[in-house]
Each structure stands twice: as structure tokens, then as C-alpha cells.
Amino acid sequence: MKSLITMESLRAWRKKLTGKVVFVPTMGALHHGHEALIARARRLAGPKGSVVVSIFLNPIQFGPREDIAAYPKPLKNDLLVCRRAGADAVFLPTVADMYGPDRSVFVDEESLSSVLCGRSRPGHFRGVCTVVAKLFNIVQPTHAIFGEKDWQQLAIIRRMVRDLNFPLEIVASPTVRESDGLAASSRNAYLTPEERALAPQIHAAMQAAATKLKDPVAIVKALVRAVEKIPKARLDYAEAVEAVTLDSLKNRKSEGRLAVAVFLGKARLIDNIPLPPLK
Ligand code: PAF
């Protein structure tokens, strides 16, 4: 597995490839959810294709009150995870190489970014779209893999690829969960043992609401009530949305998603599950 720091070294490596190039963008602090994304990339690339993972803690997707300095950076373990899951190369650009001091061009998605996490984290998806667009231009993948855990991010990246004609295919990978249902996330590391024991109640509440009830409004109400009962939890949002447009889900005629964001101690946990159409 190659570690490539500069854009020149990445480009020189990329130039020699002929088969599929499957890309997994990450910010590091890799866990078994990322490992599943990279393993999926490996299967998709096949023996003739190549898998490239980027590890770049993107400063412009963090708000002024979000502590990027506290984000874990276990690089040695990250490289082990990449190697174990079958990556051929890891791209580790520096902030200085990615962002010149006089940068003035950004990628702004203006519709799907205004709801859910976009409402609570202004500027976040502008930072995500900008860095992902840059990484697509640098890596030039044939495919890129994103986790369904960040459903809104996935929907926005799909829209960006469509609207800006990026010549690649976006592949969605299902959320990886711990055995108690908690969605795997780098942010779970911020939970104290007590908070970690409470955290699975979020997914349990989502499942209970979505299986017992049919109407999206009733599902969201039940979810809000259940989250409010979890000690130490503070609800950021709970919403039922259309899976593609992220518009509010009015009925169960089309594919929906139940999405939630909850503060638990220092961690802001997000999760989503499908609300399939009902016959
Ligand atoms: O999902 C993430 O880890 C990040 O938002 C991404 C896509 C790597 C962009 O920095």
C-alpha cells in the first residue's frame, strides 16, 4: 500500500492505472464502518482495479464553535485499517496543499443543504462539497463510496455529481452498527461509558417509532417523545424526509428516511433509517 502526500505523487500513481479506480474519502479516525467502505471498494475494484482512500481532516467543514483540534488523529491505526481492508493507496494531503491562503472558489449546494444538519451546522456542506469536488478532480476516480450513515451528505454529493457532471459513479454503503444498534461513528469516541450505554436508545427509539406507526408526523412525534426521555440527551432534530429531495415526507407513497441528530455529552450523534413506501 502506497502513502502519497503530494498531489504530484498521487497524480503520477493515478496516471498508470487502467481499471476501475474506487475512491473512499475520509477524515481519518477510521473505525469498522470505514473498514466496511474500503472492503466494499476493494470488491468493486476487483483484482484489476485500484482502491484509494484519502485521509484529510477538512478544516472548512467545521464551524467556529466545533472543536476540530479535538478530532482524533490516530494515523498509525488508520493506515493499518486501510491496509487490512485492501486499499492500494492512501492520499494524505496537507491543509496548505489543499487550501491556498487566497482561495476564493467554493462549491455550494443550495437546496438539500438547507435542512437537517445543514440548518444546525451552517457552512458545513459547503465545506464538504468543496473538498469532495477537489478530491474528485485530484483523484479522478471511476467510483466513489459514501456511507448511508451520513444520508444527507450522500444525497448532496449525488446532486453535486449530477449538477456539475463529474464523470464518476457514487456508490452508497449501508450503515454499520455496533451489536447494540448504535451507528459506528468516529464521534462515539467522545462518549463517556455512561453516555455510551445510553446511546443505543436513539436507534431503538427510531426503530420502535418506524415499526409501530405509519404516518410520518406520528412517527416523528413518537421519536421526539422517546429521545426526550433518554437521560442526558438533547434533541437537535428529528425529521421524516423524502429520501432523494430531503423535502418533508408528507405520506408513505415514496421512499422516505427518518433522520435524527442528538447531543449526548460532547458528542453530536446522527442516524437515519429507511421509511419505505407502504402499499
Ligand atoms: O464523511 C466524511 O468523513 C467527510 O465529510 C468527507 C466526505 C471525507 C469530506 O471531508
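Derivation of every value follows stated rules applied to the coordinates shown; laboratory data play no part. All of these numbers come straight from a predicted model, not from anything done at the bench. Glycine also receives a Cβ, built like all others from the backbone with ideal geometry; neighbour counts cover every protein chain displayed.
Filter region 1-54 down to residues that are within 13 Å of the ligand (Cβ to nearest atom) and not aliphatic (A, V, I, L, M) and give me whichever is nearest to Leu182 (Cα to Cα). Step by step, filter region 1-54, then rank; the result is Gly33.
If you go through region 176-234 and keep only what is within 16 Å of the ligand (Cβ to nearest atom), more than 24 Å from Gly256 (Cβ to Cβ) and part of a loop (DSSP other than H, G, I, E, B), you end up with nothing.
The number of residues in region 108-139 being free of Cβ contacts under 8 Å to residues at least 40 places away in the same chain and among the small types (Gly, Ala, Ser) comes to 3.
The single condition from (1) away from the ligand (no atom under 13 Å from the Cβ); (2) surrounded by 21 or more Cβ atoms within 10 Å (Cβ to Cβ) that Val132 fails is (1).
Quick grid of which residues meet (1) touching a residue at least 60 places away in the same chain (Cβ under 8 Å); (2) in contact with a His (Cβ under 8 Å, 6 or more places away or on another chain); (3) within 17 Å of Leu168 (Cα to Cα):
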residue: Ile5; (1), (2), (3): yes, no, no
residue: Trp13; (1), (2), (3): yes, no, no
residue: Pro25; (1), (2), (3): yes, no, yes
residue: Ala29; (1), (2), (3): yes, no, no
residue: Gly33; (1), (2), (3): yes, no, no
residue: Ala39; (1), (2), (3): no, no, no
residue: Ser54; (1), (2), (3): yes, no, yes
residue: Leu79; (1), (2), (3): yes, no, no
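Entry remark, region 233-247: residues being closer than 30 Å to Thr192 by Cα and touching a Pro at 6+ places or on another chain (Cβ under 8 Å) number 1 in total. Among the residues of region 98-135, the one identified as within 16 Å of the chain's Cα centre (by Cα) and aromatic (Phe, Trp, Tyr) is Phe125. The residues of region 140-163 that are in contact (Cβ under 8 Å) with a residue 40 or more places away in the chain, within 12 Å of the ligand (Cβ to nearest atom) and of a type in the set (A, V, I, L, M), listed by number, are Ala144, Ile145, Ile156, Met160.
Table: residues versus (1) crowded, with 16+ Cβ neighbours inside 10 Å; (2) within 22 Å of the chain's Cα centre (by Cα).
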| position | (1), (2) |
| --- | --- |
| Ser179 | no, yes |
| Arg187 | yes, yes |
| Ile202 | yes, yes |
| Gln207 | no, yes |
| Pro216 | yes, no |
| Tyr237 | yes, yes |
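Among the residues of region 75-108, the ones that are more than 13 Å from the ligand (Cβ to nearest atom), buried (at least 18 other Cβ atoms within 10 Å of the Cβ) and acidic (Asp, Glu) come to 1 in all. The criterion of being aliphatic (A, V, I, L, M), part of a helix (DSSP H, G or I) and closer than 22 Å to Ala184 by Cβ holds for Val128.
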